[in-house]
Amino acid sequence: MLARQTLAFKLVATGIAFLLLALASIVLTLWVTWQLEGGAAAVNEAGRMRMMSYRMTLDAVSGRPQTVAEQLRAMDATIDLLDAGDPSRPLFVPWTDESRAEFAQVRREWQGLRAALDARPPVAGPMPVASMVGHVDRFVTLIEQRLSRWTEILRVAQFTMVGLAIAGAVLMLYASHRMVLDPLRRLGDGMGAIRGGDFAARVQVVSNDEFGELAGGFNAMAARLESVYDELEAKVREKTARLESKRERMAALYEVSAFVAQADNLDDMARGFVGMVRPIARADAITVRWSDDGNRHYLMLAQEGLPPLMSAKEQCLPSGQCGCGQAATSAATRTIAIHAAGMTFGHCARAGFETMLAVPVKLHHRVLGEINLFYRRAHELDDEERSLIETLASHLAAGIESLRAAAADRESAVAGERALLAQELHDSIAQSLAFLKIQVELLRTALRRGDSVAAGRTVDEIDTGVRESYADVRELLLHFRTRTDAQDIEAALRSTLRKFEQQTGLAAELQIDGHGVPLPADVQVQVLHVVQEALSNVRKHANATTVHLKVQQAPQWRFEVCDDGRGFDPDETPDDSHVGLRIMKERASRIGAQVTVRSSANQGTQVAITVPREAVPQEMHA
């Protein structure tokens with residue numbers, strides 16, 4: 001017996017079995033038909049024996065010896081044929097014991113009848129033909145009975161073949177269902193379950209043929225898919241958890257960074273920082289400390305979660321004497337087990353903390369402070385948490401540095417404004433006051449001499465100087481109150497001309513040509529001051545009736561102040577005019593601009609400032 005019966009073997013074996021059965025049925029039918037055909041021929045030959053017996057007897061009585069001789073030979077041949085049979089016709093007797101005994105009796109009767117017919121002289125009296133014919137009839141009857149049984153056998157075989165055909169069809173359908181259709185259905189159900197996401201589905205293995213192998217392979221595949229799917233689900237859950245953790249860290253980093261960037265002062269920044277970082281780090285308490293420039297002390301800026309006594313004791317810590325407040329030379333992120341650290345200050349242990357994390361707030365290798373996280377349990381940060389806390393610390397350091405830089409910028413701006421104010425006072429009012437001081441000395445001298453004419457002339461000079469100083473003060477106030485618009489300088493120019501008209505009573509006209517990108521605010525300020533200085537010189541020296549301010553925006557900015565005054569010879573410019581020109585050129589040089597002056601006697605004056613394209617940032621050209 002084969003250890004493994006394949007589907008092909010089963011199908012071939014079933015087919016061969018049905019083929020053998022069909023061949024056996026056909027052979028049986030052919031054999032029975034052959035028997036019937038041979039028996040029928042034997043019945044015909046036996047029937048001829050009766051006719052030949054009567055004919056020979058009649059010829060013998062009628063005296064035809066030649067005819068009788070021929071018939072005797074024919075009768076002998078018929079008896080021999082029945083005895084031996086003739087397969088070529090076919091002709092053979094379906095022998096039985098009874099038919100052989102009866103045929104032997106027929107042969108004996110024939111021998112007696114033949115002897116009577118062949119006697120010389122012929123036998124007188126009746127021939128024994130009736131007895132022979134009777135035995136022939138009984139012989140034929142036995143043959144017919146035998147043929148009747150073969151006919152019944154043939155009929156039974158035919159019905160059996162019909163039954164076998166029906167049974168074979170049913171058996172083939174059942175075998176197809178059992179060996180092919182049902183396994184296919186189970187495989188289809190399993191595939192449907194897998195397609196529906198049920199990776200635990202299995203197919204029952206009921207045979208060891210190809211479908212059994214296929215079912216086993218399907219089960220192995222399903223088990224592998226289930227394992228892979230479970231692993232994939234686990235990896236997806238792990239990846240999702242990591243992504244969620246990263247998202248939370250990014251959100252926390254963004255919120256803290258945005259808060260630090262928007263904080264206005266150090267105290268608010270520190271208080272907001274501890275309130276936001278403590279839940280991120282899942283700490284029981286947190287402090288932010290600031291270190292002085294020499295890294296000698298750490299001052300507590302803000303805390304959350306510390307006991308009041310501990311907070312009061314640690315407002316200021318010497319550098320390097322405790323786990324909090326590391327020395328700049330060894331500052332690094334450290335996790336300290338408090339009870340095993342041997343620290344000088346025992347505030348942490350008395351407050352019930354088990355672990356402390358110290359994160360230095362550093363910028364460019366310079367220690368600005370420290371963040372301390374306190375835990376009432378043993379706690380060890382993983383690499384991602386440590387990296388997040390250190391990143392938040394770096395943002396805090398950047399925020400602290402930004403506040404320092406902003407304060408420095410404000411201080412620089414105030415210092416610049418003071419220097420500018422001092423320059424303006426020196427170049428205008430200081431010189432006028434120096435002139436007045438000289439005039440006062442001349443007045444005292446004239447009064448001591450009693451020279452009333454010189455005294456009156458000096459008083460007039462003093463009066464003129466005071467008026468000019470007053471005008472200079474008003475002009476300075478006007479200049480410092482002027483504001484620029486980062487998007488449009490036109491409004492500031494019109495305001496300046498309007499105030500100039502109010503001061504002098506002169507008509508001032510503004511003409512703007514072209515379209516250009518706006519000037520930056522710092523460039524606008526310097527341009528306005530140059531224009532105001534040019535208008536101040538017109539007021540002081542030009543004796544003009546009209547003033548024009550021409551503005552050209554493209555291909556580069558150009559501002560030109562023109563008047564119809566008396567003009568001047570640049571080689572013979574008064575000292576105060578020299579001062580005004582110097583002030584304008586200094587302001588223009590701060591923005592990389594150029595000031596040009598054209599003037600001649602009684603032909604008016606044109607003062608122009610040209611701003612190169614390089615003075616406008618590149619992003620404003622885009």
Pairs where the first residue, in the stretch 436-450, is within 14 Å of Gly465 (Cα to Cα) and touching a residue at least 24 places away in the same chain (Cβ under 8 Å) and the second is among the small types (Gly, Ala, Ser) and surrounded by 12 or more Cβ atoms within 10 Å (Cβ to Cβ), C-beta under 6 Å, 6+ apart: Leu436/Gly465
Boolean, Trp95 is in the same structural domain as Val129 (by TED's automatic domain parsing), of a type in the set (A, V, I, L, M, F, W, C) and part of a loop (DSSP other than H, G, I, E, B): yes
Within the stretch 146-174, considering residues that are over 13 Å from Pro94 (Cβ atoms) and among the hydroxyl-bearing types (Ser, Thr, Tyr), the one surrounded by the most Cβ atoms within 10 Å (Cβ to Cβ): Thr160
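One line per residue, one yes/no per condition, for (1) in contact with a strand residue (DSSP E or B) (Cβ under 9 Å, 6 or more places away or on another chain); (2) surrounded by 14 or more Cβ atoms within 10 Å (Cβ to Cβ):
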residue	(1), (2)
Val260	no, yes
Gly272	yes, yes
Arg278	yes, yes
Asp292	yes, no
Asn295	yes, yes
Ala302	yes, yes
Met310	yes, yes
Boolean, Ser330 is at pLDDT below 85, surrounded by fewer than 20 Cβ atoms within 10 Å (Cβ to Cβ), of a type in the set (S, T, N, Q) and under 41 Å from the mean Cα position of the chain (by Cα): no
Selected residue (only one of Arg558, Arg598 is of a type in the set (Lys, Arg), buried (at least 16 other Cβ atoms within 10 Å of the Cβ) and modelled with pLDDT of 85 or more): Arg558
Those residues of the stretch 349-385 which are part of a strand (DSSP E or B), among the charged types (D, E, K, R) and under 38 Å from the mean Cα position of the chain (by Cα), in sequence order: Lys362
Matching entry among Glu213, Glu226 (being surrounded by 11 or more Cβ atoms within 10 Å (Cβ to Cβ) and at pLDDT below 80): Glu213
Residue within the stretch 56-77 that is in a helix (DSSP H, G or I), hydroxyl-bearing (Ser, Thr, Tyr) and under 18 Å from Glu144 (Cα atoms) present: no
Selection within the stretch 382-398 - surrounded by 20 or more Cβ atoms within 10 Å (Cβ to Cβ) and either without any contact (Cβ under 8 Å) to a residue 60 or more places away in the chain or among the acidic types (Asp, Glu) (or both): Ala393, Ala397
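The values are calculated or read from the model by the stated rules, or taken from the named source; none is laboratory data. On a predicted model such as this, the values are computed, not experimentally measured, just so you know. Don't worry about glycine lacking a Cβ; one is built from the backbone with ideal geometry, like all the others, and counts go over all protein chains shown.
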